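The values are calculated or read from the model by the stated rules, or taken from the named source; none is laboratory data. Because the structure is a prediction, the values reported are computed rather than measured. Here the Cβ positions follow ideal geometry from the backbone for every residue, glycine too, while neighbour counts run over all protein chains shown. Heavy atoms of the whole protein, side chains included, go into the accessibility calculation; ligands, DNA and RNA do not. Shrake-Rupley method; radii C 1.70, N 1.55, O 1.52, S 1.80 Å.
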Amino acid sequence: MSRRKQHNASSGDEVKLNMTAMLDMAFQLLAFFVLTFKPAPVEEQIAMRMPDPSRIAIRTPPPPPVGGGVEPVDFGSQQLTVSLYPDKAGELDTIAVATTRVAVDGTQKQKIAALHLDLSRKFAHPGNSFDKVVLMVGSTMRYDTVIQVMDMCSQLKFADGTQLKKLTFVELPVVASHTLSEREGI
Amino acid sequence: MSGSVDSDSAEPNLVPILDMVFQLITFFMLVMNFKSASMDLNLKLPVVGSARPAPEGKEDVNSIVLNIDPQGILRVQGVERNVKEFSEEEGRVARMHAKAANSNFKDGDDLPVTVVIRADKETKFALLYRVVKAFQQQGFRFFNYKAMSEVGS
């Protein structure tokens with residue numbers, strides 16, 4: 001009897017849980033997640049719906065004349081062609097909208113701003129019949145430059161307030177890709 | 001005076017440390033990003049002022065991520081791929097899935113797959129266009145061009 005009493009007194013009701021094993025597993029999991037953690041950069045995007053390139057009526061633009069001016073554009077088609085000619089470094093050398101040279105001098109930012117101004121005027125003109133813009137880009141143009149022009153074009157709005165939705169690009173023919181300066185012997 | 005309990009043992013209380021560890025595990029689980037496996041983080045994307053963030057939850061549902069380096073090499077999931085072969089293969093798979101999902105889908109219809117282009121800012125246009133054109137010819141029409149915003153760059 002006394003032995004039973006002693007046994008009951010020493011066992012007690014307290015139950016201890018051994019946390020060591022659980023903590024070990026938790027550290028294993030933590031180590032896995034820490035080692036596989038790779039912060040991804042926050043990227044943004046320009047979304048475009050690009051038609052089959054064979055369906056785009058490409059007119060190799062003739063050498064654009066010097067000078068500009070606001071004029072309604074109507075080739076009988078529904079596209080406005082913007083030609084981007086690169087310099088040797090792959091930056092913008094010259095820009096032509098249809099057959100009109102828009103910008104020749106200045107920094108790249110200034111040229112894109114001049115293009116934006118010219119296009120805004122053309123878009124705002126109620127007599128225009130185009131609803132899409134085709135960028136004809138020289139083969140050696142840097143992608144950085146192209147996407148800045150695309151970004152600018154995607155913000156253009158027509159006279160009725162609707163935004164430009166049809167924007168695509170194609171490559172300028174090899175001969176036309178040479179800088180205008182080279183072609184004109186400047 | 002002399003109790004049955006051993007008064008010399010000192011056991012640390014592991015509960016708070018276990019709690020902190022679980023907090024950390026939960027944090028890393030929540031920020032875990034499986035998308036970075038498809039991105040070539042060596043590429044320096046161009047910076048634009050008004051690129052739009054991808055709509056949450058919609059971007060990667062049905063998309064192909066193409067990484068193009070300055071030499072024009074195409075990499076998908078870290079593996080270099082031939083442009084023509086890869087575009088044909090993806091076109092074939094996309095058409096098969098589109099037909100399975102929609103019985104009215106015909107060859108020549110636009111594929112409901114978005115092509116995500118991640119190209120280095122120094123990449124020449126001709127190299128980029130070669131890739132884009134190959135996918136356009138397979139029927140892909142939706143393209144997303146990735147860039148960094150001016151704020152995030």
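Taken over the range A:18-35, residues that are surrounded by fewer than 15 Cβ atoms within 10 Å (Cβ to Cβ) and not in a helix (DSSP H, G or I) amount to 1. Set side by side, the residues A:ARG55, A:ARG49 differ, and just one is open to solvent by 70 Å² or more (accessible area, probe 1.4 Å), at pLDDT below 85 and at the interface with another protein chain (Cβ under 7 Å from one of its Cβ atoms), which is A:ARG49. Taking the stated definitions as given, is A:LYS109 part of a helix (DSSP H, G or I) and more than 25 Å from A:GLY161 (Cα to Cα)? So A:LYS109 fits the description; yes.
Tell me, which residue of the range B:32-44 that is within 7 Å of chain A (Cβ to nearest Cβ) and part of a helix (DSSP H, G or I) is least open to solvent (accessible area, probe 1.4 Å)? Filtering the range B:32-44 for residues that are within 7 Å of chain A (Cβ to nearest Cβ) and part of a helix (DSSP H, G or I), the one least open to solvent (accessible area, probe 1.4 Å) comes out as B:SER36.
How many residues does the range A:130-151 contain that are assigned to a helix (DSSP H, G or I), among the polar types (S, T, N, Q) and more than 20 Å from A:LEU117 (Cβ to Cβ)? Can you show your working first?
The first filter runs over the range A:130-151 and keeps only residues assigned to a helix (DSSP H, G or I), leaving A:143-151.
If we keep only those that are among the polar types (S, T, N, Q) too, we end up with A:145, A:148.
Filter again for more than 20 Å from A:LEU117 (Cβ to Cβ), leaving none.
So the count comes out to 0.
Looking across the range A:79-94, the residues that are open to solvent by less than 10 Å² (accessible area, probe 1.4 Å) and within 16 Å of A:VAL170 (Cβ to Cβ) come down to A:LEU80, A:VAL82, A:SER83, A:LEU84, A:TYR85, A:PRO86.
Within the range A:137-165, being touching a residue at least 60 places away in the same chain (Cβ under 8 Å) and within 12 Å of chain B (Cβ to nearest Cβ) holds for A:THR145, A:VAL146, A:ILE147, A:VAL149, A:MET150, A:ASP151, A:CYS153, A:SER154. Among the residues of the range A:152-170, just one is assigned to a helix (DSSP H, G or I) and open to solvent by less than 10 Å² (accessible area, probe 1.4 Å), namely A:CYS153.
Just name the residue that is most open to solvent (accessible area, probe 1.4 Å) out of those in the range B:94-143 that are of a type in the set (Val, Ile, Thr) and within 19 Å of the chain's Cα centre (by Cα).
Step one: list which residues in the range B:94-143 are of a type in the set (Val, Ile, Thr), which gives B:113-117, B:123, B:131-132.
Add one more test, that the residue is within 19 Å of the chain's Cα centre (by Cα), and what stays is B:113-117, B:131-132.
Numbers: B:VAL113: 13, B:THR114: 32, B:VAL115: 0, B:VAL116: 4, B:ILE117: 0, B:VAL131: 0, B:VAL132: 1 Å².
Across the range B:94-143, the extreme among qualifying residues is B:THR114.
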